[in-house]
Amino acid sequence: MLQIKDLAYRYRDGQPLHFPDWRAEAGEHWWLSGPSGTGKTTLLHLLAGLLSPSSGAVRVNEQTITDFPSAARDRFRGRHIGLVFQRLHLLPALTVAANLELARYLAGLPRDHARIEQVLERLGLADLAGRRAHQLSQGQAQRVAIARAVVNRPSILLADEPTASLDDENARRVAELLCEQAAACRATLVVASHDTRLARWLPHRLDLAEGRVAA
Amino acid sequence: MNAFRLTLNWLRFRPLTALLNLLLMALGTGTIALLLLYGHQLDRQFTRDAEGIDLVVGASGSPLQLILSSVYHLDVPTGNIPEQAARDLRDNRLVREVIPLALGDNYRGHRIVGTEASFVDLYGGTLSDGRLWEGSMEATLGAEVAARHGLAIGDEIVGAHGLGGGDGHVHDYAPYTIVGILAPTGTVMDRLVLTSVQSVWDVHDPDHDHGHDHENGHQHEHEHEHDHGHGHGHGHAHEGEHAGHGHEHEAAEDQELTALLVRYRSPMAAMQLPRSINAEPGLQAAAPAYESARLMSMLGVGLDTLKAFGGILLLAAGVGVFIGLYNALRERRHDIAVIRSLGASPRLVSGLILLEGQLLALVGTLLGLAGGHLAAELIGRWIGADRPLELTGLMWVPSEGWLLLIASGIGLVAALLPAWQAYRSDIALTLSER
């Protein structure tokens, strides 16, 4: 479950962003839409606890993470929230498997090679486990980024513009992967994007331009 | 995966930068370690060679030269003193022991020292083979002399004039018979040929006058004319009764010695004896402890200068680590942001940077210490055959422990700013970069 209430964020230059109250249930797949500048990425970062709001609250699994001290919020994020960034951001010094191991280590979870193998297998990455991130193609790296986001079985999966600059075929694959993996974890999936192609896979939509939940 | 493995992977991902930092750190610490080893062993050797000797009495001149020539067997003596001085000192109630030294010749660079058995006791010497000298023209070899020249009991050696190399006049008419070989003591005695004072006198007896030339490059002054002038150089008494080990000493008036090693009976002697000896014409008393300390302080200036150079290298290494980490942080800002997004606290992220600084500093220091010790050992083996100082890398100087602490401090300081920047990094902004 994911919920925001009276949420606002003020940038250093003073520009305030107000977000509509919103609630997403476990297992739902949401599309966070709106043109550039409406605060899609900012909201995603607020949901992940990467930013602290100037007012309002973010609740995840009935816990108000905006009330958490910084260190506790970091721990909570590592354990319960999976993130997929537009620029992938794999650690190039590490192998594919080590990127996933790192996610478990930083979340304070025990080593679980079986889980890592399972996720890599499911995403068709089993043969690439020992390869370093910088040796991967764009498509392979995209899958590894998703694998890392779901390896801890998060209850919330957040993705920021995951299909930007991808052709239709690759965009479809990424969207399907995200939905499959979110479903496998029974996670709430929230994808921030202005890519209208995603509407097919994401039945729920929060339009930030209009400040309301769209049908 | 853990913090240590992640840091190692980061370092391995930029091997050249890491290698350069390690090299700089190793150079600095290696240089200092080598100098610490050298200084420590020099000091230890000087202390060990002078241990148990409270005072050295010799001919007037430079007290440091007297100590160097009579205790460390490095320099030429200041001259000769009458044997009567030894008898007077032995009668002095403040003196426990007087060990006479008669120098002048060498065997292939090793000094031939006319002395008594108490000289061997002074350095805690024990025999590994044979016995100590007793009769005239018998010699007992220091361990290193025997080992280097492959000498054994029953062999004969001949001395040559001078105290350095073997380019002086060779006394082939008066060979020494080797009757004993000493076990290694780690002192100057290992490099000496020991015999009786009488033997030294016998070799230079006027009856053995062969009209040889004494200008051998060692300021050698062979006083066959029984001249007791105490000029700079050294000489030998040439007549007199036997003064060697196990013999009664009935010396004639004109016999001479090079120096006397004196041990006090009581601490009071330190107050009175040097003053009274220095008041006598032609004699001087020098305290090895004082002169050694003076020498070490003179050498110390040079060592300190080199250590300062090592310190500069170490600081340069610190700057190198700082630049390396600072640049790495810029390159890794996305890594840092991702690590934060995966649940790492700012404290953990800055800890990773500090750990990297510590790893570079400590591994570099360990490499430097290993290199310094290896260099000391190689230099020791290289100069070992020709120099009196024994240098080895197979020992640990306690102050090297400080090097680890200092290097760790440098690594910490070098990593502080990058760590602080990592702590304060705006991860949301970095992750939003398109």
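The values are calculated or read from the model by the stated rules, or taken from the named source; none is laboratory data. This is a predicted model, so every value here is computed, not measured. Because the Cβ atoms are built from the backbone with ideal geometry, glycine has one as well, and the counts that use them run over all protein chains shown. SASA here: full protein model, heavy atoms, side chains in, ligands and nucleic acids out. Shrake-Rupley method; radii C 1.70, N 1.55, O 1.52, S 1.80 Å.
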Selection within region A:6-34 - away from every other protein chain (no Cβ under 14 Å), exposed (fewer than 15 other Cβ atoms within 10 Å of the Cβ), more than 19 Å from the chain's Cα centre (by Cα) and outside any strand (DSSP E or B): A:G14, A:Q15, A:D21
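Every residue, every condition in (1) more than 14 Å from chain A (Cβ to nearest Cβ); (2) more than 27 Å from the chain's Cα centre (by Cα); (3) charged (D, E, K, R), yes or no:
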{"residue": "B:L6", "(1), (2), (3)": "no, yes, no"}
{"residue": "B:F13", "(1), (2), (3)": "no, yes, no"}
{"residue": "B:A18", "(1), (2), (3)": "no, yes, no"}
{"residue": "B:Y38", "(1), (2), (3)": "yes, no, no"}
{"residue": "B:D43", "(1), (2), (3)": "yes, no, yes"}
{"residue": "B:A50", "(1), (2), (3)": "yes, no, no"}
{"residue": "B:D54", "(1), (2), (3)": "yes, no, yes"}
{"residue": "B:S60", "(1), (2), (3)": "yes, no, no"}
Subset of region A:80-116 (residues that are at the interface with chain B (Cβ under 7 Å from one of its Cβ atoms) and part of a helix (DSSP H, G or I)): A:A98, A:E101, A:L102, A:A103, A:Y105, A:L106
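Hey, which of the helices (runs of 4 or more DSSP H) in region B:242-346, taking only ones fully inside, have at least 3 residues that are at pLDDT below 90 and away from chain A (no Cβ under 14 Å)? First the steps, then the outcome.
Numbers: elements: B:268-278, B:288-331, B:333-341.
It comes to B:268-278, B:288-331.
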Residue that is modelled with the highest pLDDT, among those in region B:375-409 that are open to solvent by less than 50 Å² (accessible area, probe 1.4 Å) and in contact with a Phe, Trp or Tyr (Cβ under 9 Å, 6 or more places away or on another chain): B:A376
Output for region B:133-152, where each listed residue is among the acidic types (D, E) and either touching a Ser or Thr at 6+ places or on another chain (Cβ under 7 Å) or assigned to a loop (DSSP other than H, G, I, E, B) (or both): B:E134, B:E138
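Residues to consider are B:L412, B:L431; find the one that is out of contact with any Asp or Glu (no Cβ under 7 Å at 6 or more places or on another chain) and more than 14 Å from chain A (Cβ to nearest Cβ). Give the derivation first.
On the way: B:L431 fails: more than 14 Å from chain A (Cβ to nearest Cβ).
Of the residues listed, the single one that is out of contact with any Asp or Glu (no Cβ under 7 Å at 6 or more places or on another chain) and more than 14 Å from chain A (Cβ to nearest Cβ) is B:L412.
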Odd one out for B:D88 among (1) farther than 29 Å from B:G162 by Cβ; (2) under 21 Å from the mean Cα position of the chain (by Cα); (3) modelled with pLDDT of 90 or more: (2)
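How many residues does region B:110-129 contain that are more than 20 Å from B:V200 (Cβ to Cβ) and not β-branched (V, I, T)? Quick ask: steps written out before the conclusion?
To start, the set of residues in region B:110-129 that are more than 20 Å from B:V200 (Cβ to Cβ) comprises B:124, B:126-129.
The next check asks that each one be not β-branched (V, I, T); those that pass are B:124, B:127-129.
Residues in region B:110-129 being more than 20 Å from B:V200 (Cβ to Cβ) and not β-branched (V, I, T): 4 in total.
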A:G139 being modelled with pLDDT under 90, farther than 23 Å from A:E28 by Cα and more than 10 Å from chain B (Cβ to nearest Cβ): yes
Selected residue [surrounded by fewer than 21 Cβ atoms within 10 Å (Cβ to Cβ), in contact with a Lys or Arg (Cβ under 8 Å, 6 or more places away or on another chain), away from every other protein chain (no Cβ under 12 Å) and not aromatic (F, W, Y)] from A:A71, A:A57: A:A57
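Looking at region B:292-305, is at least one residue within 30 Å of B:D91 (Cβ to Cβ), touching a residue at least 40 places away in the same chain (Cβ under 8 Å) and open to solvent by less than 30 Å² (accessible area, probe 1.4 Å)?
Quick first cut of region B:292-305, residues within 30 Å of B:D91 (Cβ to Cβ) only: B:292.
In the following step, the residues that additionally are touching a residue at least 40 places away in the same chain (Cβ under 8 Å) were identified as B:292.
Narrowing the set further to residues that are open to solvent by less than 30 Å² (accessible area, probe 1.4 Å) leaves B:292.
Yes, region B:292-305 has at least one match.
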Subset of region A:117-145 [over 22 Å from the mean Cα position of the chain (by Cα) and open to solvent by 70 Å² or more (accessible area, probe 1.4 Å)]: A:D127, A:R131, A:Q135
